[in-house]
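The values are calculated or read from the model by the stated rules, or taken from the named source; none is laboratory data. What you see is a predicted model, and the numbers here were worked out from it, not measured in a lab. Virtual Cβ from ideal backbone geometry, glycine too; neighbours counted across all protein chains shown. To get the accessible areas, we keep the full protein, side chains included, count just its heavy atoms, and leave off ligands, DNA and RNA. Shrake-Rupley method; radii C 1.70, N 1.55, O 1.52, S 1.80 Å.
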Amino acid sequence: MYTQQLATTRALARGLTRFSEGRISLRIGSHDTPQAFRSWHILLGRISLLKDPSSQSALARSDIRIAEIDGLRGIAVLLVLVWHFIGAVLPPTTGLSKIIGALFIFGRTGVDLFFVLSGFLIIGILADQKDSPNYFRVFFARRALRILPPYAMLLIAFWALSALLGETYYFGSQIPWWSYATFTQNWYIIKLNGWGPGAASVTWSVAIEEQFYIVFPIIVYLIPRQYLFPLLICVGTSSISARAACFILYPQNAFAPYVATCLRLDGLCAGGMLAIAFRDDRLRQKLIASRPFLRKANIGFAAFIPFFLLALHWRPWATMYYWGHTYLTVLYSLTLATILLVPSSKFCDLLRAGSLRALGTISYTVYLFHPLFIGLAFSAVGKREELSSVSDAILLALAMMVTLIFSKTSYVFIESKLVAFGHRLKYSRALEHPVRLSSEIAKSRKSAS
């Protein structure tokens, strides 16, 4: 039975592209279709909408969870984990270890993907709800309920361990407590010209996003809707130019172009531009008409990854600050646009996989806590993390296991409950410019976290 369903699904998948181009017409019943047809019926609904985007019955709210974006979150955090658990801790003592390190450093780009996704989701929500009388109250309440609980747990654990263990590589007070509490630690990293305590080092990117969440709701609220897209272009391109200028003027501080908020806005703005484009009739039509080109461009940019890694190996800072982050922003923006416009692709099938979506659901807590658990594991044996022996591999595997179990437990018993509570807070007015996806998809998705 499963084999028959799989064969039927594949046959339908091959026909979806032809359908989207108007060469065939398919109709699938909603009551007596097999399970294999049902999942593709959802995709067919989205492609039907791309043919007729004026359909008013196919409006989906910006707080509807999109399965493929969960999958992208999973990929983003998986990239970071591969780097921190393998690439960054493997001593470059052999030719093989140097090659692995040079390849796995691509895992650092998971943060760039997170920025694009955050820009898309947050600017989309803000654009949809800017006319709501309780726009600020509901937005900030929901963001606080989603972001603050895991972050507060991390800080409490970090401060307690710092008091207990004193100044170490992983714990300590090199960055003041109030800086973590106010999401300004990225500026202290610039002052130190170093990451600070390893157990909380990844929070610099959370600080950037929080600063973005505070400022951009005001900007979106004040700026007329028709000017949001050009404004995001200006902010994003200015950030790119300022990043390169900063490295030219202050090459001795390699951390500043990496963690300064104003120098890392291009990814957030690019995601926001996609969100605005999908809400604008003219821009959306251009995206739909450009699907073949966008898909080829995405493949082309992905094919350039080996050359990017070579450049990163030879000139790491210059590569990243002159053009590397910009390349990654374009690559991940094309990826996001492609999965939204071509839902029948094999890559979208991968993103909808249950394991990848499950990882994406807990990605925030996994990202926050994995350095802490690595630090605890290696502090217990009195050394810094590395992967040079079987015992090191066991410690890293233990840290990974504890990270995943803790993150899943936290999400099930704490975070999901608070997110659900946050979604009881409703915006006062109905959406006027939501993302146009199929109503079938809207019915099949849970509220976004």
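Okay, here's what the table says:
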quantity	calculated
Candidate set from the range 188-204 (those that are among the small types (Gly, Ala, Ser) and open to solvent by less than 10 Å² (accessible area, probe 1.4 Å)); member that is farthest from residue 371 (Cα to Cα)	200
Filter result (open to solvent by 30 Å² or more (accessible area, probe 1.4 Å) and acidic (Asp, Glu)) within the range 110-152	131
Residue pairs meeting the criteria (Cβ under 9 Å; at least 6 apart or on separate chains; first farther than 16 Å from residue 145 by Cβ and among the hydroxyl-bearing types (Ser, Thr, Tyr), in the range 204-222; second part of a helix (DSSP H, G or I) and open to solvent by less than 40 Å² (accessible area, probe 1.4 Å))	205/111; 205/114; 205/115; 205/186; 205/259; 205/367; 221/126; 221/135
Test: residue in the range 241-248 that is at pLDDT 95 or above, in contact with a Ser or Thr (Cβ under 7 Å, 6 or more places away or on another chain) and either over 28 Å from residue 207 (Cβ atoms) or part of a helix (DSSP H, G or I) (or both)	no
Residue that is touching a helix residue (DSSP H, G or I) at 6+ places or on another chain (Cβ under 7 Å), part of a helix (DSSP H, G or I), hydrophobic (A, V, I, L, M, F, W, C) and modelled with pLDDT of 95 or more, where the choices are 163, 127, 144, 152	127
Test set (1) open to solvent by less than 10 Å² (accessible area, probe 1.4 Å); (2) more than 30 Å from residue 250 (Cβ to Cβ); (3) assigned to a helix (DSSP H, G or I) - residue 343 fails condition number	(3)
Residues located in the range 352-367, provided they are surrounded by fewer than 24 Cβ atoms within 10 Å (Cβ to Cβ) and aliphatic (A, V, I, L, M)	353, 356, 358, 359
Wholly within the range 266-330, helices (runs of 4 or more DSSP H) carrying at least 1 residues that are under 20 Å from the mean Cα position of the chain (by Cα) and surrounded by 18 or more Cβ atoms within 10 Å (Cβ to Cβ)	291-303
Residue selected from the range 205-221 under the condition open to solvent by 10 Å² or more (accessible area, probe 1.4 Å) and aromatic (Phe, Trp, Tyr), by the criterion nearest to the chain's Cα centre (by Cα)	213
Test result for residue 138, over 27 Å from residue 386 (Cα atoms) and either over 24 Å from the mean Cα position of the chain (by Cα) or among the β-branched types (Val, Ile, Thr) (or both)	yes
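Every residue, every condition in (1) modelled with pLDDT of 95 or more; (2) surrounded by fewer than 16 Cβ atoms within 10 Å (Cβ to Cβ), yes or no:
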site: 396; (1), (2): yes, no
site: 399; (1), (2): yes, no
site: 406; (1), (2): yes, no
site: 416; (1), (2): yes, yes
site: 421; (1), (2): yes, yes
site: 426; (1), (2): no, yes
site: 431; (1), (2): no, no
